1. Identify, among Val26, Ala94, Phe115, the residue whose Cα sits farthest towards the positive end of the charge dipole of the chain, taking +1 on the Cβ of Lys and Arg and -1 on the Cβ of Asp and Glu, with the dipole about the Cα centre.
2. What residue among Val105, Val90, Val26 has the largest mean-square fluctuation in a Gaussian network model of the chain, using Cα springs under 10 Å?
3. With each label point set 7 Å from Cα along the Cα-Cβ vector, what nm distance links Tyr57 and Ala69?
4. When the Kirkwood hydrodynamic radius is evaluated over all pairs of different C-alpha atoms of the chain, what value in angstrom, to one decimal, is obtained?
5. With springs only between Cα atoms under 10 Å apart, run a GNM on the chain and tell me which of Lys71, Lys79, Lys23 wobbles the most.
6. For region 7-47, just say rounded, prolate or oblate: build the C-alpha gyration tensor, square-root its eigenvalues into a ≥ b ≥ c, call rounded for a/c under 1.5, and beyond that prolate if a/b exceeds b/c, oblate if not.
7. For the chain, which longest stretch is free of loop sites, where a loop site is one of the chymotrypsin sites (Phe, Trp or Tyr not before Pro) that DSSP puts outside H, G, I, E and B and that has at most 15 other Cβ atoms within 10 Å?
8. What is the helix-to-structure angle for 25-68, meaning the angle in degrees between its Cα long axis and the longest Cα principal axis of the chain, kept from 0 to 90 and rounded to the nearest 10?
Amino acid sequence: MQIELPGCLRDEFERRARQVYAKDSVARALVEAIELWLAQHRENLIEPERAADDQAYALLAAELERNHAGKWAVIAHGKLQGVGDSIDQVAALATTARDRLIFQVGATRPPEVEFGWH
């Protein structure tokens, strides 16, 4: 694959790549840039599935609490995929989904804490 970059972009890219990576600087920087680009676009593909799974959870939460408290559940593709007595029983469900929720019904998560300096 050959790509022609505009001169000013190419010059800055090569200069910065050499600053960050001494050996094979351009190739390493290109690989890093492509990996970052792919990750960003994978995230864009995941978001609709994540929203569907969150919506399914909101609709199913009360029913799961009533009928399956303490069990493990998987929601993927916007639907309940299954319920089991252990995480091992449900771990293999919907493994090809871009997003899936695996959770113990009724378990509460500790509050999220942000660490760092402000």
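1. Most positive-ward Cα: Val26.
2. Residue with maximal mean-square fluctuation among Val105, Val90, Val26: Val26.
3. 2.0 nm
4. Radius from the Kirkwood sum: 18.1 Å.
5. Between Lys71, Lys79, Lys23, it is Lys23 that shows the largest mean-square fluctuation.
6. Verdict is prolate for region 7-47.
7. Result for the longest clean stretch: 22-114.
8. In the chain, helix 25-68 runs at an angle near 10 degrees to the longest axis.
Read-outs throughout are calculated quantities, based only on the coordinates presented, and are distinct from any laboratory measurement. This one's a predicted model, so the numbers in the text were calculated from it and none came from an experiment. Don't worry about glycine lacking a Cβ; one is built from the backbone with ideal geometry, like all the others, and counts go over all protein chains shown.
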